[in-house]
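*Asks:* For reference, the structure I am asking about is given below.
The values are calculated or read from the model by the stated rules, or taken from the named source; none is laboratory data. A quick note: this is a predicted structure, and the numbers were derived from the prediction, not measured. Neighbour counts run over all protein chains shown; Cβ positions are idealised from the backbone, glycine included. Accessible surface areas use protein heavy atoms only, side chains included; no ligands, DNA or RNA. Shrake-Rupley method; radii C 1.70, N 1.55, O 1.52, S 1.80 Å.
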Amino acid sequence: MHNSKNHVLGSLQTVLQFMWGICFLLFPILFFTLTTENYIMPKQILLFVISLLSLLLIGIQAIINKKILLRKTFLDLPIFLFIIVVILSAVFSVARPDAFVAATLYLILGLSYFAIVNTAKTQETIFFFISCLVISAAAMGLVHILSYFKVYVLPFSFTHITTFSPLGNLLEQAMYLAAIIPIAGYFAVPLIKGKINEKSIGFLIAFLVLVGDLGLVIFQLFTSAKGILILPFVTGFQIAFAAISQDTTRIAQGFFFGSGIGTFFMDFTRFKPVAFNNFDNLWYVTFFQSSSFILELIATTGILGLISFLFIVARTLIKPLKSFHNPLYISLLVLFLEALLLPFSFIEVALLFFILSLFVAQEGIKNSTKSFDLELFLVTLRKEIFNKEQGKAQVAKTSQVMPIVFAVILLTIAGLVGYYATLYTISDITFNQSLAAA
């Protein structure tokens, strides 16, 4: 019986590892034309499905194991606070429908963090996930390099251009590649030093592809792909601080929680300075993203959003010791620098959460005080329990209730989020079909 239970638990863990491996492999390269948006929304659907299925499997594990084992990490509190602030910004937003859609995406990212750190508990699993991230990025880079030389490997006509990227545009691709390159380079170092290793050979090939494509992307951004528009930094700075200080109808809400996550287009319309009209090629454009992710957070989630995100940054960069030996540390530095200087879409935010989860998992293996399994119990005492034996029996009996309650909570979250996400996806696909018919 005991061996059978362990076999089932091991199988569930293997399924979880396989699902997240598939997610990391498909995430940067997945796109399709069923929805109104071809590049970002398919990736959102993928992450929704994997995250919600992971919650269900983790709940089943708890019931079979008859106890709740959750991985505690040093980023749990910062990420929890950040997600709570994002949700509250949607609650207090003046454009709640748009804000709640964006807040749901951040909730899924928070759940994905929880699922990944509770799946990546061994060095082999972490290495598998890292390999999937690097392989998918290298595949994306190779497709772009071939497209530049007019070798089109994809059958879709809209991909037959030299500036095609599965991420939607070349700026997104440049930011994604820049974050993955340090990881590939770290694992390629042994081969560079003359130590023959099959794994290092693969990472060296991926590293060369990634560096080559990043150079090509940067070249195109300054030549053939100049059409990518970014809000001038001065304008983004002015709008961000106007949104939290000049919203006279909601002074407190605006200052602490901003206009609501995902509603920067409204801030741009309301608070863009008059001087913006002096830009000959920009005055007629409506921007849905600020000049950088940090400035967008200030405008849409307020001071609390900025502080909670900086809490994540500080805990990540300062808390671990000797983190330069962690291959993901440099990647996080790159992503935080990009957040300061460039706008983020869902793709970059998701990549940040992926790497954060793998980073803390790796740190936990190096130092068990930073990440360890925490077992939760439900302890109830009754007045008629007087001796130790009765007390032990009561605790053993009542503690088994917790896994069931835990599984029900996860099932409820997965059910509610999955239900409304499915309705949203179906409506988007139906709207896209109506546009095609028209």
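*Asks:* In this structure, does Asn3 turn out to be open to solvent by 60 Å² or more (accessible area, probe 1.4 Å) and out of contact with any strand residue (DSSP E or B) (no Cβ under 8 Å at 6 or more places or on another chain)? Full working, then the answer.
*Replies:* Working: open to solvent by 60 Å² or more (accessible area, probe 1.4 Å): yes; out of contact with any strand residue (DSSP E or B) (no Cβ under 8 Å at 6 or more places or on another chain): yes.
Judged against the criteria, Asn3 is a match.
*Asks:* Kindly list, by first and then second residue, each pair from a residue in segment 18-33 that is touching a residue at least 40 places away in the same chain (Cβ under 8 Å) to a residue that is in a helix (DSSP H, G or I) and open to solvent by 60 Å² or more (accessible area, probe 1.4 Å), limited to pairs with Cβ atoms under 7 Å and residues at least 6 apart or on different chains.
*Replies:* As it stands, the answer is Gly21/Phe128; Leu25/Ile135, since those pairs meet every condition given.
*Asks:* With the requirement that a residue be of a type outside the set (A, V, I, L, M) and within 29 Å of Tyr419 (Cα to Cα), what does segment 102-131 give you?
*Replies:* Here is the first cut: in segment 102-131, the residues of a type outside the set (A, V, I, L, M) are 104, 106, 110, 112-114, 118-119, 121-125, 127-129, 131.
Within segment 102-131, Thr104, Tyr106, Gly110, Ser112, Tyr113, Phe114, Asn118, Thr119, Phe129 meet the criteria.
*Asks:* Can you tell me how many residues within segment 281-303 are open to solvent by 30 Å² or more (accessible area, probe 1.4 Å) and at pLDDT 95 or above?
*Replies:* Adding up the residues that qualify gives 1.
*Asks:* Just checking, does segment 104-127 include any residue being aromatic (Phe, Trp, Tyr), open to solvent by 60 Å² or more (accessible area, probe 1.4 Å) and under 19 Å from the mean Cα position of the chain (by Cα)?
*Replies:* Here is the first cut: in segment 104-127, the residues aromatic (Phe, Trp, Tyr) are 106, 113-114, 127.
Retained after the next criterion (residues that are open to solvent by 60 Å² or more (accessible area, probe 1.4 Å)): none.
No: segment 104-127 contains no residue that is aromatic (Phe, Trp, Tyr), open to solvent by 60 Å² or more (accessible area, probe 1.4 Å) and under 19 Å from the mean Cα position of the chain (by Cα).
*Asks:* So, of the residues in segment 254-268 that are under 23 Å from Val349 (Cβ atoms) and in a helix (DSSP H, G or I), which turns out to be most open to solvent (accessible area, probe 1.4 Å)?
*Replies:* Among those residues, the one meeting the criterion is Phe256.
*Asks:* Follow-up question, since we're still on this one. What helices (runs of 4 or more DSSP H) lie completely within segment 59-174 and have 3 or more residues being of a type in the set (Gly, Ala, Ser) and closer than 25 Å to Ile244 by Cα?
*Replies:* 96-117
*Asks:* Also, quick follow-up: All but one of (1) without any contact (Cβ under 8 Å) to a residue 60 or more places away in the chain; (2) open to solvent by 20 Å² or more (accessible area, probe 1.4 Å); (3) closer than 22 Å to Thr422 by Cα hold for Ile40, so report the exception by its number.
*Replies:* (1)
The rows are residues; the columns are (1) surrounded by 20 or more Cβ atoms within 10 Å (Cβ to Cβ); (2) at pLDDT below 85.
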position	(1), (2)
Pro327	yes, yes
Leu332	yes, no
Glu338	yes, no
Ile355	yes, no
Ala361	yes, no
Asn367	no, yes
Lys370	no, yes
Glu384	no, yes
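*Asks:* Yes or no: Val8 outside any loop (DSSP other than H, G, I, E, B), over 30 Å from Tyr424 (Cα atoms) and among the hydrophobic types (A, V, I, L, M, F, W, C)?
*Replies:* yes
*Asks:* Select from segment 61-87 the residues that are at pLDDT 90 or above and open to solvent by 60 Å² or more (accessible area, probe 1.4 Å) and list them in ascending order.
*Replies:* Leu77, Phe80, Leu81, Ile84
*Asks:* Continuing with this model, one more query. Taking the criterion of being under 23 Å from Gln44 (Cα atoms) and among the aromatic types (Phe, Trp, Tyr), would at least one residue in segment 118-133 satisfy it?
*Replies:* So far as segment 118-133 goes, yes, one or more of its residues are under 23 Å from Gln44 (Cα atoms) and among the aromatic types (Phe, Trp, Tyr).
*Asks:* Looking at segment 147-174, I want the residues that are on the phi > 0 side of the Ramachandran plot and at pLDDT below 90 and have a partner that is of a type in the set (A, V, I, L, M) and open to solvent by less than 50 Å² (accessible area, probe 1.4 Å) with Cβ atoms under 8 Å, at least 6 apart or on another chain. Which pairs are those?
*Replies:* Between residues of segment 147-174 that are on the phi > 0 side of the Ramachandran plot and at pLDDT below 90 and residues that are of a type in the set (A, V, I, L, M) and open to solvent by less than 50 Å² (accessible area, probe 1.4 Å), the close pairs are Gly168/Ile40; Gly168/Ile347.
*Asks:* Now for a separate question. State all residues of segment 216-253 that are open to solvent by less than 40 Å² (accessible area, probe 1.4 Å), closer than 26 Å to Ile181 by Cβ and of a type in the set (Gly, Ala, Ser); if no residue qualifies, say none.
*Replies:* Ala225
*Asks:* Return yes when Phe203 is open to solvent by 40 Å² or more (accessible area, probe 1.4 Å) and in a helix (DSSP H, G or I) and no when it is not.
*Replies:* no
*Asks:* Just the residues that are open to solvent by less than 90 Å² (accessible area, probe 1.4 Å) and either farther than 26 Å from Ser93 by Cβ or not in a loop (DSSP other than H, G, I, E, B) (or both), please, taken from segment 270-280.
*Replies:* Once the filter is applied, which keeps residues that are open to solvent by less than 90 Å² (accessible area, probe 1.4 Å) and either farther than 26 Å from Ser93 by Cβ or not in a loop (DSSP other than H, G, I, E, B) (or both), segment 270-280 yields Phe271, Ala275, Phe276, Asn277, Phe279.
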